[in-house]
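The values are calculated or read from the model by the stated rules, or taken from the named source; none is laboratory data. All values reported here derive from a predicted model rather than from experimental measurement. Cβ placement follows ideal geometry from the backbone for every residue including glycine, while neighbour counts extend to all protein chains displayed.
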Amino acid sequence: MAFFQASRKVMRPMAAAGFAGLAGCIGTHQMLQAEGNFEKKYGFALGPVNAMQDVPKQGWQLATKVGQSTIAAAGNGRYAAEPLKAGKVVVAKIIKPMATLDSLLGLSNDTTITFASVADLEKYIDLAKSEGGYSRQEILTFYEHFMYGIDGKVTCLNTSTWTVNHGEAGAGMNVLIEEKPLPGGELAYVGTAQVDIIRGDELYNDYRLFKIADFYTAYTQKHGYKDVRTATLEAVYGPE
């Protein structure tokens, strides 16, 4: 993903293309195959492709549309296509631990895969290679731009990326993501509207609230890239 350089006065940076979101831009076009040819090369689509192609049942509880962000150089963002009152659920993505998965095929479009160890990260890579035809480097690039964390214990990948940009609480953020149980008992990452959302509003969450697990930070350092929280916030506010 490309990040734009911003001053500390800028309150909302470009999201990580997966939560972008993370948001909406990534440099490896051969991985995304966003025009639909990915089916011919890969066994399954990665999260940003599903988001860009607007596959059904991604977990959004209101109609949304992905398009060019209002933030200069931010790539894509996600927009509300209908209103939603503060306090209502915006999105819910069901949590599936990587350790419980034997295949990446057939996962629902509203899934978040969680990783609790390096072994989980490597298991995903192995399955993506054998079932999807992806290279190790393609999946490492996917991790770089789309892997996030909520609780500092596990890291997360969505089968359909959030495509939601960063906005600070009180200065743009209108969706708060938290782990919650669904009525049926399944755990999910649930986004709740923090203010009334009107049709046409771009959706934002606060990347500063991400908590990246130590094992994944070490993994990024070993493989020569920055986690999405660090890269996004440095692009917006500069290095700490």
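May I ask you to list the residues in segment 97-115 that are of a type in the set (D, E, K, R) and either in contact (Cβ under 8 Å) with a residue 40 or more places away in the chain or buried (at least 16 other Cβ atoms within 10 Å of the Cβ) (or both)? It would help to see each step written out before you state the result.
So the first thing to find is which residues in segment 97-115 are of a type in the set (D, E, K, R), and the list is 102, 110.
Listed by number, the list holds a single entry, ASP110.
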Close pairs (8 angstrom Cβ cut-off, 6 or more residues apart or separate chains): closer than 15 Å to GLY106 by Cα in segment 128-139, of a type in the set (Phe, Trp, Tyr) and surrounded by 13 or more Cβ atoms within 10 Å (Cβ to Cβ) anywhere: ALA128/TYR134; GLU131/PHE44; GLY132/TYR42; GLY132/PHE44
Long-range neighbours under 9 Å by Cβ, at least six apart or interchain, first residue within 24 Å of GLU178 (Cα to Cα) and in contact (Cβ under 8 Å) with a residue 60 or more places away in the chain within segment 197-225, second in a helix (DSSP H, G or I) and among the basic types (Lys, Arg): TYR207/ARG229; PHE210/ARG229; LYS211/ARG229; ILE212/ARG229
Counting only residues in segment 190-226 that are out of contact with any Gly (no Cβ under 8 Å at 6 or more places or on another chain) and surrounded by 22 or more Cβ atoms within 10 Å (Cβ to Cβ), the one farthest from ASP151 (Cα to Cα) is identified as ILE197
Among the candidates PRO48, PRO56, which residue alone is under 19 Å from THR159 (Cβ atoms) and either modelled with pLDDT of 95 or more or in contact with an Asp or Glu (Cβ under 7 Å, 6 or more places away or on another chain) (or both)? PRO56
I'd like to check something: does segment 138-154 contain any residue that is in contact with a Pro (Cβ under 6 Å, 6 or more places away or on another chain) and modelled with pLDDT of 95 or more? no
Checking VAL118 against (1) closer than 24 Å to GLY149 by Cβ; (2) at pLDDT below 95; (3) surrounded by fewer than 16 Cβ atoms within 10 Å (Cβ to Cβ), which single condition isn't satisfied? (2)
For segment 70-92, name all the residues that are buried (at least 17 other Cβ atoms within 10 Å of the Cβ), modelled with pLDDT of 90 or more and either at positive phi or of a type in the set (A, V, I, L, M, F, W, C) (or both). ALA80, LEU84, VAL89, VAL90, VAL91, ALA92
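Go through segment 56-69 and give me each residue that's surrounded by 14 or more Cβ atoms within 10 Å (Cβ to Cβ), in a loop (DSSP other than H, G, I, E, B) and more than 14 Å from the chain's Cα centre (by Cα).
To start, the set of residues in segment 56-69 that are surrounded by 14 or more Cβ atoms within 10 Å (Cβ to Cβ) comprises 58-62, 64, 66, 69.
Filter once more, keeping what is in a loop (DSSP other than H, G, I, E, B): 58-59, 61-62, 69.
Listed by number, the residues that qualify are GLN61, LEU62, SER69.
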Only one of (1) touching a Leu at 6+ places or on another chain (Cβ under 7 Å); (2) modelled with pLDDT of 80 or more does not apply to ALA15, and that is (2)
State the number of residues belonging to segment 137-178 that are part of a strand (DSSP E or B), surrounded by 20 or more Cβ atoms within 10 Å (Cβ to Cβ) and not polar (S, T, N, Q). 6
Which count do you get for residues in segment 50-70 that are in contact with a strand residue (DSSP E or B) (Cβ under 7 Å, 6 or more places away or on another chain), touching a residue at least 24 places away in the same chain (Cβ under 8 Å) and not polar (S, T, N, Q)? 6
Checked pairs for segment 227-240, first surrounded by fewer than 22 Cβ atoms within 10 Å (Cβ to Cβ), second charged (D, E, K, R), C-beta under 6 Å and 6 or more apart or across chains, list as TYR237/ARG8
